[in-house]
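**Q** Supplied in structure tokens, the structure appears directly below.
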Amino acid sequence: MTELHSRGHEIVIITSHPMYNTSLINYTEIDISNMIPIWKNEVKYNKCKHEDDSFTSVMNALGVACTEICKRLFDMQELKLLDQGNVLNGTFDLVMTGWHMHPCTYGYAYHFSAPLIGISSLGLIYESHRSIGNPTHPIYSMEMFQPYLKQPTFWEKLERLEYYIWNIWWWHSVIVPQQDKIARQYFGKNMPYLEDLKNNVSLVFTAVQTNYYAAVPKVRALVELGPLHIKESKPLPKDLQVYLDRAEFGAIYFSLGTNVRSDKMSEEKITMFLEVFAQLKDFRIIWKWDGDEKPELPPNVKIGKWFPQSDIL
């Protein structure tokens, strides 16, 4: 978005991570960071995987969170002003939205009579591929919630097929109908069905670079940006630089991302990781740890709530 702005475009962005940069002219941010607790409260990957070792449990939790976010999103006063045409006189040349599980936002393309582009900082779900006519296959197609299998066994293929069929049912019978009902309250009863809006997307951008995986068919409407988001590295904080410089045999950076909290793992799993790290005594370990309570650490492990990941790597 900042690149579009630097080229003279006027931007209105709905984001949960605003920059609050008042020096940017013609760059309007609508802060929806209050939606983050909804996501974290509903989507507990650790709990889902512990109670039910299947991706369907995670997907169901995602569906509940995304639908609840849609409800609250359209109730925000800032978005009501946007819908009423009080921002940029209600005229937009393009609508870009996350291309995952918030189809309710596709209604903005209809509302503003603008082309629609999907964007994903992660991979794509099957329905994202189908929206642009990209072939999907339960065994070899790339799907963000399915592991990459170079040579899957028969049972792994069967499991993928089961998930593939379930995913089609889940999207068309649960996600889209629920969010279509919500979207119509704000965009009007004449709004096309969300599935039709999805299939009218012009392009889909994704930050994933599938050249690292097996060859799969891709249509031209799928644009892989690869590591475009990676910026030039900056100097590390002094204490972190000293810590890494003393790593005679190298260092390991361990992070489960923002959606999986390390401190919410079972005690058994935490102990397992610590025991493994302790065995790697020739290496220095940096672990992104989310909680305030710290476990007893081996001498070669350093934990923290945040590290400059790109600069470290």
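**Q** In a loop (DSSP other than H, G, I, E, B), modelled with pLDDT of 85 or more and either in the same structural domain as PHE145 (by TED's automatic domain parsing) or touching a Pro at 6+ places or on another chain (Cβ under 7 Å) (or both), is that true of ASP93? I'd like the intermediate steps shown before the answer.
**A** On the way: in a loop (DSSP other than H, G, I, E, B): yes; modelled with pLDDT of 85 or more: yes; either in the same structural domain as PHE145 (by TED's automatic domain parsing) or touching a Pro at 6+ places or on another chain (Cβ under 7 Å) (or both): yes.
Considered against the rule, which asks whether it is in a loop (DSSP other than H, G, I, E, B), modelled with pLDDT of 85 or more and either in the same structural domain as PHE145 (by TED's automatic domain parsing) or touching a Pro at 6+ places or on another chain (Cβ under 7 Å) (or both), ASP93 comes out as yes.
**Q** Further question: Can you give me the ranges of the helices (runs of 4 or more DSSP H) entirely in segment 99-202 with at least 3 residues that are more than 30 Å from GLN77 (Cα to Cα)?
**A** Working: elements: 107-111, 126-131, 154-170, 176-187, 194-198.
Counting at least 3 such residues, we get 126-131, 154-170.
**Q** In segment 228-250, what residues are of a type outside the set (S, T, N, Q) and either in contact with a Pro (Cβ under 7 Å, 6 or more places away or on another chain) or touching a residue at least 60 places away in the same chain (Cβ under 8 Å) (or both)? Spell out how you get there, then give the answer.
**A** The initial filter retains those residues of segment 228-250 that are of a type outside the set (S, T, N, Q), namely 228-232, 234-240, 242-250.
Result: HIS229, ILE230, LYS231, LYS234, PRO235, LEU236, PRO237, LEU240, LEU244.
**Q** Confirm whether GLU232 is acidic (Asp, Glu) and under 27 Å from TYR148 (Cα atoms). Break it down into steps so the answer makes sense when it comes.
**A** Numbers: acidic (Asp, Glu): yes; under 27 Å from TYR148 (Cα atoms): no.
For GLU232, the condition - acidic (Asp, Glu) and under 27 Å from TYR148 (Cα atoms) - is not met.
**Q** Can you tell me which residue in segment 112-129 is nearest to VAL176 (Cα to Cα), limited to those that are surrounded by fewer than 18 Cβ atoms within 10 Å (Cβ to Cβ) and touching a residue at least 24 places away in the same chain (Cβ under 8 Å)? Spell out the reasoning first.
**A** Kept after step one, since they are surrounded by fewer than 18 Cβ atoms within 10 Å (Cβ to Cβ), are these residues of segment 112-129: 113-115, 119, 121-122.
Cutting the leftovers down to touching a residue at least 24 places away in the same chain (Cβ under 8 Å) gives us 115, 119, 121-122.
Details: PRO115: 20, ILE119: 18, SER121: 22, LEU122: 21 Å.
Out of the qualifying residues, it is ILE119.
The rows are residues; the columns are (1) part of a loop (DSSP other than H, G, I, E, B); (2) among the small types (Gly, Ala, Ser); (3) at positive phi; (4) surrounded by 10 or more Cβ atoms within 10 Å (Cβ to Cβ).
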site	(1), (2), (3), (4)
PHE205	no, no, no, yes
ARG220	yes, no, no, no
VAL223	no, no, no, yes
TYR253	no, no, no, yes
VAL260	yes, no, no, yes
ILE270	no, no, no, yes
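**Q** Is there a residue in segment 180-189 that is in contact with a helix residue (DSSP H, G or I) (Cβ under 9 Å, 6 or more places away or on another chain) and farther than 23 Å from GLU68 by Cβ?
**A** no
The values are calculated or read from the model by the stated rules, or taken from the named source; none is laboratory data. What you see is a predicted model; the values in this text were computed from it and never measured. Note: ideal-geometry Cβ built from the backbone for every residue, glycine included; neighbour counts use all protein chains shown.
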